[in-house]
Amino acid sequence: MGPWGWALALLALGTAIPGGSPGGGLDFPTYDGADRVVPVTLRNYRALLKRFPVLALLHRPPPAGDRGAQRHHDMEELVLELAAQVLEDKGVGFGLVDSEKDAVLAKKLGLTEEDIIYVFKEDEVIEYDGELAADTLVEFLLDVSPPWPPIPSRTPPNLYPHHYPRGEPRSPSPQTPFV
């Protein structure tokens, strides 16, 4: 492979721009090893809902007996850990709900499907059934929890004041092309 072939391969892999992706997406740190994803139980779910303005819960079955299923289980948890690391300062919490051990909690919270992330925000529950990748999940959760404050409700009722003099509105003159 010639030098142009290697350059195209590096561009395709996204390594041509050091420290970032060519698309200008999110920059993710490497996983630091801290546990931020909490197993959610009947004892701690209320405290977690109060602690985090946005709480993302992965409702999943326990791993099957084989190594492949255990590896898949661990990878799901690593994706959540990385997303939790990125969103740590944004007030987003992450938890795991075991569908067998915590079936009562799952029923109480309305978690009906497995392998779905349920996002709790105020009085809303949003189901995330997208790709289980840290970047996709982070972008979705940033859209769910916008950093801007809500618009105050003291806005004037008439944002566009009436420009006509008191009385009847003027009828457009035949010379004006626009009404």
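Computed from backbone phi, the HN-Hα couplings of the stretch 127-132 come to 8, 10, 10, x, 5, 8 Hz, rounded to whole numbers (Karplus: 6.51 cos²θ - 1.76 cosθ + 1.60, θ = phi - 60°; Gly and Pro given as x). Look at the alpha carbon pairs under 8 Å that are at least 6 residues apart: their mean separation over the length of the stretch 23-111 gives a relative contact order of 46 percent.
With neighbours defined as other Cβ atoms within 10 Å of a residue's Cβ, the residues E76, E113 order from fewest to most as E113, E76.
Cβ crowding within 10 Å ranks L48, L141, L42 as L42, L48, L141, fewest other Cβ atoms first. Cross-link partners for K101 among the aspartates and glutamates, with Cα-Cα distance under 16 Å and sequence neighbours closer than 8 places in the same chain left out: E113, E114, D115. Which of the chymotrypsin sites (Phe, Trp or Tyr not before Pro) found in the stretch 93-145 are in a DSSP loop and have at most 11 neighbouring Cβ atoms, other than their own, within 10 Å? Answer by residue number: there is no such site. Charges were assigned to the Cβ only: +1 to each Lys and Arg, -1 to each Asp and Glu. The resulting dipole of the stretch 28-144 about its Cα centre is roughly 640 debye. Of all aspartates and glutamates in the structure, the ones whose alpha carbon falls short of 14 Å from that of K107, not counting any fewer than 8 places away in one chain, are D98.
No lab work stands behind these numbers, since they all come straight from the coordinates. Because the structure is a prediction, the values reported are computed rather than measured. All Cβ positions, glycine included, derive from the backbone under ideal geometry; neighbour counts span all protein chains shown.
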